[in-house]
Amino acid sequence: MLSEALTALKGVGPALAKRLEKLGLSRVDDLLFLLPLRYEDRTQLVRIGALVAGKRCLTSGEVLLAETAYRGRRNLLVRISDGSGQLTLRFFHFSRQQQAQFQAGKHVSCFGEVRRGSAGFEMIHPEYRILREEQGAVTDDSLTPVYPATEGVQQGRLRNLTDQALEAMLKEPPPELLPQSVTDKLGMPSLADAISYLHRPPPDADVAQMQEGRHPCQQRLAFEELLAHYLSLRSLRSLAETEGAFALTHGQGRVDQFVADLPFELTGAQARVVDEIMVDLSRPHPMMRLIQGDVGSGKTVVAAIACLKAIACGVQAAIMAPTEILAEQHWRNFSDWFRPLGIEPAWLSGSQKAAARRDALSAIANGRAQLVIGTHALFQEGVEFDNLALVVIDEQHRFGVHQRMALRDKGIGKDGQPHQLVMTATPIPRTLAMAAYADLDTSVIDELPPGRQPVSTIAVPDTRRGEIIERVRAACKSGQQAYWVCPLIEESEVLDYQAAEASYQMLTEALPELRVGLVHGRMRPAEKERGMQAFKEGLIQVLVATTVIEVGVDVPNASLMIIENAERMGLSQLHQLRGRVGRGAAQSHCVLLYKGPLGRIAKERLAVLRDTNDGFVVAQRDLELRGPGELLGTRQTGLPDYRVANIVRDASLMPQVQMTAEELRRSSTSRAAAIVRRWLGDAGRYGKV
Ligand code: ADP
Ligand code: MG
């Protein structure tokens, strides 16, 4: 029964089944995992005299009178009493029949939110029932669940369907898949008990705890769901172990020479991560490695070394970046590094002219292009590689797992899959990384190149803009440079551009003796490039920019950054932006201009940046204050929609989830597979189990 289609239930025809599908329900047991959003208490009948405004209560009484009144629109007012007090039921929409039901002397029971009205307590559009003679109000044995609604499916219907599913579950309880040692240790109920409880909690259930999702029954389900996702990612990881890849075993001499010729020495952390990558690359199975490193930690050169290794072995490497400006910056860096070695990178982007694109595509297809740098354009149709053996994805959090896989698929050939290196400057708290990237091995660059100074950060209301402009003047007079950043407004490029344009005007007028430049998202790449380049060469002293400069740009002489409307931006994004200064010898400053007054959370958020320069701490606080979507990017987070779990709320479960998963993978693979199937279906998380 549980594994049958919903139409196996009484009262479900094809039309209703279709509507239920909108809630993600297709099988009977899906209903078991559709947990209530909240609960209502109809287990007690409250005397009218004991009603409390603001609470949703069940009460009853005798109709004293029913009348219609005009107050702007027609109201039906029904006054009831139970001897302890009076209550008015107010309806704005009602039929003649409804009106006729409420005859004086009839008894009604009703459930709704109690409000203070003009004539004492009232309920607006309560659920009600006209009681038969001598019949009392009917109380429920358990709290009433309120389910996520979908159009055309009433709560009553959902309750009826879950009743049927729960009954079926009692007849054939789902197998307990968690090891007893784990449920014992965590003091968690069985799956069936947890499900029954959450759908029909007893009257004395701790509703507040359930509302927060911290009830042991919810934790029990969240644990198993997180476990299912983790297992799915881990099996994806071990699947890669069975795939072939081109083992990059040659050319170490060229790589060593390149490292020796760099104008700086690798930090200890960089050298360690390079070693880890080299070991991976030399194996005949695809590398799947994530590099985490704070902004400015020097990930690019690590990627370059990996690419050179591939090129030295006679195969192709590709680097994909999320924005044109970042891809361009890579293109410039890699060209500088690789041209002396006779390696000419090819360029591929969405805004490219047709002829240039055609040339690039043919060089990529015939293998003349040993290194390809670009944006999303890299994995689009029509791009054929000759022998792509290494894929580097920068700022992974801007891409989804599916995009990563699409690029990987470009390189599937006779040797197997390409190696994958993904990099992120958004340091991800450990528990979140466990949930999001369990299919990847992780390397952390936890050291900044020598000579970096922590940026001192202050938050200032924008009423003090004048003072800040004076600071810009002073800094530039002493030979330094400044960024003036205007945030992206609601993802709208037009407003974005207008805000930057307005600030540009304002600054040009206020600082006539300085050269002020402007770079924003609407400019053509060549224009942007010219602006950035002029800033880099010191021809421009103040660069007004939208968040296009968020990732990548590198101008060591810039030591002051002003960020307007900082209160609207994510903490990690602000941290990234701030990472653009503090790259040279001078003490750097970041000024967060905000529009006051700030709420408590907004104040706390800006304080985080003032108090720390550690990207991991910033990310952890961002996660706590705003949730994982904001941290990993909203649309393509690489994080799935969980049914029960909430990765922030349930983060503390992750270490135990990980331990349990590894144990199951060792000792009980069939159970592990059953857990994945129960929560993710046959497809697993990304189409493979
Ligand atoms: P991110 O990790 O944010 O991508 P980048 O790779 O852009 O950082 O590096 C930031 C800057 O640090 C670049 O100018 C780069 O050349 C420089 N850099 C990288 N590694 C070192 C190092 N070991 N010593 C000194 N400078 C370095
Ligand atoms: Mg970078």
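When we screen Phe334, Phe338 for residues that are crowded, with 20+ Cβ neighbours inside 10 Å, away from ligand 1 (no atom under 11 Å from the Cβ) and of a type in the set (Phe, Trp, Tyr), the only hit is Phe334. Of the strands (runs of 3 or more DSSP E) lying entirely inside the stretch 309-416, those containing at least 1 residues that are of a type in the set (Gly, Ala, Ser) and away from ligand 2 (no atom under 16 Å from the Cβ) span 316-320, 346-348, 388-393. Considering only residues in the stretch 300-320 that are within 10 Å of ligand 1 (Cβ to nearest atom) and not β-branched (Val, Ile, Thr), the one that is surrounded by the fewest Cβ atoms within 10 Å (Cβ to Cβ) turns out to be Ala304. Please work out if Ala586 is more than 16 Å from ligand 2 (Cβ to nearest atom) and out of contact with any Lys or Arg (no Cβ under 7 Å at 6 or more places or on another chain). Here the answer is yes, as Ala586 does meet what is asked. The single residue among Ala356, Ala260 that is within 16 Å of ligand 1 (Cβ to nearest atom), without any contact (Cβ under 8 Å) to a residue 24 or more places away in the chain and surrounded by fewer than 19 Cβ atoms within 10 Å (Cβ to Cβ) turns out to be Ala260. Within the option set Glu241, Glu225, being away from ligand 1 (no atom under 16 Å from the Cβ), loosely packed, with under 14 Cβ neighbours inside 10 Å and closer than 30 Å to Ala645 by Cβ holds for one residue only, Glu241.
Would you confirm whether or not the stretch 210-222 contains a residue that is surrounded by fewer than 23 Cβ atoms within 10 Å (Cβ to Cβ), charged (D, E, K, R) and either modelled with pLDDT under 95 or away from ligand 2 (no atom under 16 Å from the Cβ) (or both)? Yes. Does at least one position in the stretch 544-554 carry a residue that is acidic (Asp, Glu), in contact with a strand residue (DSSP E or B) (Cβ under 7 Å, 6 or more places away or on another chain) and farther than 30 Å from Ala651 by Cβ? Among the residues of the stretch 544-554, not one is acidic (Asp, Glu), in contact with a strand residue (DSSP E or B) (Cβ under 7 Å, 6 or more places away or on another chain) and farther than 30 Å from Ala651 by Cβ, which makes the answer no. Taken as a whole, the condition of being of a type outside the set (Gly, Ala, Ser), within 16 Å of ligand 2 (Cβ to nearest atom) and without any contact (Cβ under 8 Å) to a residue 60 or more places away in the chain does not apply to Val255. Out of the stretch 259-273, which residues are assigned to a helix (DSSP H, G or I) and more than 16 Å from ligand 2 (Cβ to nearest atom)? Within the stretch 259-273, Val259, Ala260, Asp261, Gly268, Ala271, Arg272 qualify.
So, of the residues in the stretch 169-185 that are part of a helix (DSSP H, G or I) and more than 21 Å from Arg665 (Cα to Cα), which turns out to be most open to solvent (accessible area, probe 1.4 Å)? The residue in question is Lys171. Candidates in the stretch 85-96 are the residues that are more than 47 Å from the chain's Cα centre (by Cα) and outside any strand (DSSP E or B); of these, the one that is surrounded by the fewest Cβ atoms within 10 Å (Cβ to Cβ) is Arg96. One residue stands out among those in the stretch 54-84 that are within 14 Å of Pro126 (Cα to Cα) and assigned to a loop (DSSP other than H, G, I, E, B): the one that is most open to solvent (accessible area, probe 1.4 Å), which is Lys55. Residues that are within 42 Å of the chain's Cα centre (by Cα), open to solvent by less than 50 Å² (accessible area, probe 1.4 Å) and over 15 Å from Lys22 (Cα atoms) within the stretch 129-154 comprise Ser142, Leu143, Thr144, Pro145, Val146, listed in sequence order. Residues of the stretch 115-137 that are within 16 Å of Leu77 (Cβ to Cβ) and not in a strand (DSSP E or B): Ser118, Ala119, His125, Pro126. Scanning the stretch 244-257 for residues that are open to solvent by less than 50 Å² (accessible area, probe 1.4 Å), assigned to a loop (DSSP other than H, G, I, E, B) and on the phi < 0 side of the Ramachandran plot yields Gly244, Ala245, Ala247, Leu248.
Quick check: is even one residue across the stretch 264-272 of a type in the set (Val, Ile, Thr), crowded, with 21+ Cβ neighbours inside 10 Å and within 13 Å of ligand 1 (Cβ to nearest atom)? No, that holds for no residue. Looking only at residues in the stretch 419-444 that are charged (D, E, K, R) and under 29 Å from Thr249 (Cβ atoms), the one that is nearest to ligand 1 (Cβ to nearest atom) is Asp441.
Per-residue answers, yes or no, for (1) out of contact with any helix residue (DSSP H, G or I) (no Cβ under 9 Å at 6 or more places or on another chain); (2) closer than 27 Å to Ala566 by Cβ; (3) not hydrophobic (A, V, I, L, M, F, W, C):
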| residue | (1), (2), (3) |
| --- | --- |
| Thr424 | no, yes, yes |
| Ala438 | no, no, no |
| Ser443 | no, no, yes |
| Gly479 | yes, yes, yes |
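Of all the criteria given as (1) more than 29 Å from the chain's Cα centre (by Cα); (2) modelled with pLDDT under 85, the one not satisfied by Ser559 is (2). Remark: pairs (first residue in the stretch 445-470, within 16 Å of ligand 1 (Cβ to nearest atom); second residue part of a helix (DSSP H, G or I) and at pLDDT below 95; Cβ separation under 9 Å; 6+ apart in sequence or on different chains) = Ile445/Lys299; Asp446/Phe616; Val455/Arg578. Here the condition is being within 16 Å of ligand 1 (Cβ to nearest atom), in contact (Cβ under 8 Å) with a residue 40 or more places away in the chain and polar (S, T, N, Q); of Ser297, Ser232, it holds for Ser297 alone. Listed here are the helices (runs of 4 or more DSSP H) enclosed by the stretch 529-627 that have at least 2 residues being at negative phi and surrounded by fewer than 17 Cβ atoms within 10 Å (Cβ to Cβ): 600-611, 615-626.
The values are calculated or read from the model by the stated rules, or taken from the named source; none is laboratory data. It should be emphasised that the depicted structure is a prediction, and the values quoted were computed from it without experimental measurement. Note that we place each Cβ from the backbone using ideal geometry, even for glycine, and neighbour counts take in every protein chain shown. Side chains included, ligands, DNA and RNA excluded: accessible areas come from the protein's heavy atoms. Shrake-Rupley method; radii C 1.70, N 1.55, O 1.52, S 1.80 Å.
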